[in-house]
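S.K.: Structure provided below as structure tokens; questions to follow.
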């Protein structure tokens with residue numbers, strides 16, 4: 001039985017059906033990298049259902065269009081929202097920096113939800129795909145028309161991808 005009630009209490013843009021999908025996938029994975037964690041809505045759903053661990057990667061500086069008030073305290077909020085979990089390690093750095101720092105690690109699930117422009121999504125996929133174990137799941141968020149960069153990068157670099165929930169793209173490699 002999947003329980004995402006705590007994840008639903010956390011501010012974020014992930015829909016209930018997407019959180020359920022992530023929770024289900026996490027149940028089959030033991031090493032997960034989440035690229036872009038914000039306040040931890042999706043992180044919580046993943047962490048409560050994986051038998052393993054999650055590295056949550058984010059700058060916790062917010063998007064460029066955030067107000068200073070929206071940017072304030074993001075990492076502290078994330079940590080508070082992970083209360084009671086001991087399987088989440090926050091890694092405060094940019095995606096590509098983290099991919100380089102973790103070059104010797106392999107993950108069986110990588111979830112990309114950081115920047116949404118074409119160049120950054122493409123760079124994220126290219127940087128993180130080599131960190132994926134054989135048979136691992138590469139997935140990401142916001143495969144929707146208002147993010148044409150996500151659509152283009154995923155379309156070019158992840159042939160044969162599937163869609164889940166409202167806007168999750170995925171493929172096992």
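Taken together, the values in this text are just the output of simple stated rules run on the coordinates, not laboratory data. Small disclaimer: the values here were computed from a predicted structure and weren't measured. Virtual Cβ from ideal backbone geometry, glycine too; neighbours counted across all protein chains shown.
S.K.: Looking only at the stretch 143-173, filter to residues that are closer than 17 Å to residue 117 by Cβ and without any contact (Cβ under 8 Å) to a residue 24 or more places away in the chain; which one of those is surrounded by the most Cβ atoms within 10 Å (Cβ to Cβ)?
M.R.: Among them, the one singled out is 151.
S.K.: Please identify the pairs in which a residue from the stretch 120-137 that is without any contact (Cβ under 8 Å) to a residue 60 or more places away in the chain and on the phi < 0 side of the Ramachandran plot has its Cβ atom under 6 Å from the Cβ atom of a residue that is part of a helix (DSSP H, G or I) and buried (at least 19 other Cβ atoms within 10 Å of the Cβ), counting only partners at least 6 apart or on another chain.
M.R.: 121/150; 121/153; 122/153; 127/99
S.K.: For residue 34, only one of the following conditions fails: (1) surrounded by fewer than 23 Cβ atoms within 10 Å (Cβ to Cβ); (2) under 18 Å from residue 121 (Cα atoms). What is its number?
M.R.: If we test residue 34 against (1) surrounded by fewer than 23 Cβ atoms within 10 Å (Cβ to Cβ); (2) under 18 Å from residue 121 (Cα atoms), just (1) comes out false.
S.K.: Continuing with the same structure: Please specify each residue of the stretch 45-89 satisfying the condition of being surrounded by fewer than 14 Cβ atoms within 10 Å (Cβ to Cβ) and in contact with a helix residue (DSSP H, G or I) (Cβ under 7 Å, 6 or more places away or on another chain).
M.R.: Residue satisfying the conditions is 61 alone.
S.K.: Having 2 or more residues that are touching a helix residue (DSSP H, G or I) at 6+ places or on another chain (Cβ under 8 Å) is the bar; report the strands (runs of 3 or more DSSP E) wholly within the stretch 116-172 that clear it.
M.R.: Values: elements: 132-140, 162-164, 168-172.
Correct list: 132-140, 168-172.
S.K.: Something else about it: Would it be correct to say that residue 140 is surrounded by fewer than 16 Cβ atoms within 10 Å (Cβ to Cβ) and touching a strand residue (DSSP E or B) at 6+ places or on another chain (Cβ under 9 Å)? First the steps, then the outcome.
M.R.: Values: surrounded by fewer than 16 Cβ atoms within 10 Å (Cβ to Cβ): no; touching a strand residue (DSSP E or B) at 6+ places or on another chain (Cβ under 9 Å): yes.
No, not satisfied.
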